[in-house]
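The values are calculated or read from the model by the stated rules, or taken from the named source; none is laboratory data. On a predicted model such as this, the values are computed, not experimentally measured, just so you know. FYI the Cβ positions are ideal-geometry reconstructions off the backbone, even for glycines, and counts take in every protein chain you see. Only protein heavy atoms, including side chains, enter the accessible area calculation; ligands, DNA and RNA are left aside. Shrake-Rupley method; radii C 1.70, N 1.55, O 1.52, S 1.80 Å.
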Amino acid sequence: WDQAAPRYEEQLTLTWAEVEDRLRFPIVLPATSNTNKSTKFSALIQAEKKSPTGRLKTIQVGAHVISATEFRNRLNLNSTQLTWTADPERVTFYTRGYGHGVGLCQYGAEGQAKAGKSHEEIIKYYYQGVEIRQIGH
């Protein structure tokens, strides 16, 4: 159901100068011998650490390591669930999902409700291991 979300998959292409401007630091091409030019540019941005759900936690850009959330915010990307391709002129980012990736997806919950799932089933799908009970009586 999440795929029905208006911003489920998007891409953004930026020049390297735009990436540097948004990140607010210079990106230096690594001095790697025996590597062709296109490989060098694709290596400028590296996934450093990932969460158990596959979202990026930290990213290495040139010599800098930055949190994926800060990277996402500075580049105005939809999600930290992202990949990219690069060439000497530009880099294209591909995002999946929109938001922080923690918690309930409104489109997924709506789809489950329309499919007949109860509120308890929906909550337990997104927040596994929770117990729902009445309080205050």
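List of remarks:
- Residue within segment 35-42 that is at pLDDT 75 or above, farther than 15 Å from TRP84 by Cβ and more than 21 Å from the chain's Cα centre (by Cα) present: no
- Contacts under 8 angstrom Cβ, first residue in segment 106-120 being farther than 19 Å from ILE132 by Cβ, partner charged (D, E, K, R) and part of a helix (DSSP H, G or I), 6 or more apart: TYR107/ASP2; GLY111/ASP2
- When segment 50-69 is filtered for residues that are out of contact with any strand residue (DSSP E or B) (no Cβ under 9 Å at 6 or more places or on another chain) and either assigned to a loop (DSSP other than H, G, I, E, B) or among the basic types (Lys, Arg) (or both), the ones remaining, listed by number, are PRO52, THR53, GLY54, ALA63.
- Lone unmet requirement of (1) modelled with pLDDT of 95 or more; (2) in contact with a strand residue (DSSP E or B) (Cβ under 6 Å, 6 or more places away or on another chain) for ALA47: (1)
- Residues of segment 105-120 that turn out to be of a type in the set (Asp, Glu) and at pLDDT 90 or above, as a count: 1
- Among residues of segment 7-23 that are open to solvent by 60 Å² or more (accessible area, probe 1.4 Å), those with a beta-carbon under 7 Å from a residue that is among the basic types (Lys, Arg) and not in a strand (DSSP E or B) at least six positions away or on a different chain give the pairs ARG22/ARG74.
- Among the residues making up segment 74-95, those that are assigned to a strand (DSSP E or B) and either within 9 Å of the chain's Cα centre (by Cα) or among the charged types (D, E, K, R) (or both) are LEU82, THR83, ARG90, TYR94, THR95.
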